[in-house]
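Here the structure comes first, spelled out in structure tokens, and everything after it is commentary.
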Amino acid sequence: MADNLLTVRNLVVEYGTGQHAFRAVDDVSLTVPRGGTLAIVGESGCGKSTIAKALVRLIKPTSGSVDLDGTDLATLSERELRPQRHRVQMVFQDPFGSLDPHLTAHQIVAEPIAVRGEKSKKVQRDKAAALIDRVGLPSSALSRKPPEFSGGQRQRIGIARALASEPELLVCDEATSALDVSVQAQVLDLLAELQRENGLTYLFISHNLGVVRAISQDCVVMRAGKIVEAGRTQDLLSRPHEEYTQRLRRSALEPGLMTGIKPRHLIRHIAASRAAESEKSA
Ligand SMILES: Nc1ncnc2c1ncn2[C@@H]1O[C@H](COP(=O)(O)OP(=O)(O)OP(=O)(O)O)[C@@H](O)[C@H]1O
Ligand SMILES: [Mg+2]
């Protein structure tokens, strides 16, 4: 098995065609190690969500390859893509907009289980209940609908729905940005736990450098559709080479933009569990 679960090469995504084409992602290459987390940071409009949408094939890339463990998802036809789709799942920023308000949590989570081929209603129900429990919600949540939940609870349902597809790669696009700081910390903590338990690989998009520092080992910095800097998160955020990364870092430290910086206890928690992991594997 290759060390990298995902290898993106020379990805180009354009909106529109011909003279009016706008190149939102311009020759981006990146790799995400199996079981690890790569973060994408960059200012608004630099192309982060466009990359996310290309990876889950909500949009078809203009050119380049998206190699998921040997399969190039970028070039597959819709028909070829169908059996592959479950492998990459997305957790969206807006837990309000991304869940159907008319469905119960059970229906939302059971749907991908049925799509994966599980015909027994009983097994669907049991699996959905296990996932709801796993993301830290009570079983009474199963019969409730999204408008009856808080933002953090909704995001947990979104995560349970993504996990129901049994993905290998989870793309989190500003998945905690709409949440209060303490709720954000709990959801990040849950994501870190799920990664340790299931060996999940994450591509984590965030404009919050505190969150990025806590959750990712590797990081790429984007500007106007291109990657301007890449490396280990720790090095890159503490000693950025590029003027642009320095500027991003300075603006993250400005008061007023501090909201959403991850609380210290979570950073400590994640650092401690990483240390325990590496002791185990040593
Ligand atoms: N459907 C679309 N049609 C045309 N242009 C688009 C479309 N979606 C996005 N764009 C443009 O592509 C560029 C990249 O957008 P994208 O949403 O990927 O940015 P982003 O980095 O995710 O920004 P943010 O941090 O604000 O979420 C922007 O200039 C945006 O205006
Ligand atoms: Mg975006």
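The values are calculated or read from the model by the stated rules, or taken from the named source; none is laboratory data. As the structure is a computational prediction, the values presented were derived from the model and not from experiment. With ideal geometry, Cβ positions are generated from the backbone for all residues, glycine too; neighbour counts draw on all protein chains shown.
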Residue check: is L99 crowded, with 18+ Cβ neighbours inside 10 Å, hydrophobic (A, V, I, L, M, F, W, C), away from ligand 2 (no atom under 16 Å from the Cβ) and at pLDDT 95 or above? no
Give the range 228-244 a look and list any residue that's out of contact with any Leu (no Cβ under 7 Å at 6 or more places or on another chain) and within 19 Å of G45 (Cβ to Cβ), or say none. V228, E242, E243, Y244
Take the conditions touching a helix residue (DSSP H, G or I) at 6+ places or on another chain (Cβ under 9 Å) and either touching a residue at least 24 places away in the same chain (Cβ under 8 Å) or hydroxyl-bearing (S, T, Y) (or both) and apply them to V109. Does it pass? yes
Restricting the range 26-48 to residues that are in contact with a Gly (Cβ under 6 Å, 6 or more places away or on another chain) and away from ligand 2 (no atom under 12 Å from the Cβ), which is nearest to L248 (Cα to Cα)? D26
Could you look through the range 16-48, keep only residues that are at pLDDT 95 or above and acidic (D, E), and pick out the one that is surrounded by the most Cβ atoms within 10 Å (Cβ to Cβ)? D26
Residue list for the range 74-91, restricted to those being under 22 Å from V12 (Cα atoms), of a type outside the set (D, E) and either assigned to a helix (DSSP H, G or I) or within 18 Å of the chain's Cα centre (by Cα) (or both): L81, Q84, R85, R87, V88, Q89, M90
Considering the range 143-182 alone, what residues qualify as being of a type in the set (A, V, I, L, M, F, W, C), without any contact (Cβ under 8 Å) to a residue 60 or more places away in the chain and buried (at least 23 other Cβ atoms within 10 Å of the Cβ)? A160, A164
Per-region count, the range 49-73, residues more than 9 Å from ligand 2 (Cβ to nearest atom), among the hydroxyl-bearing types (S, T, Y) and either outside any loop (DSSP other than H, G, I, E, B) or touching a Gly at 6+ places or on another chain (Cβ under 7 Å) (or both): 3
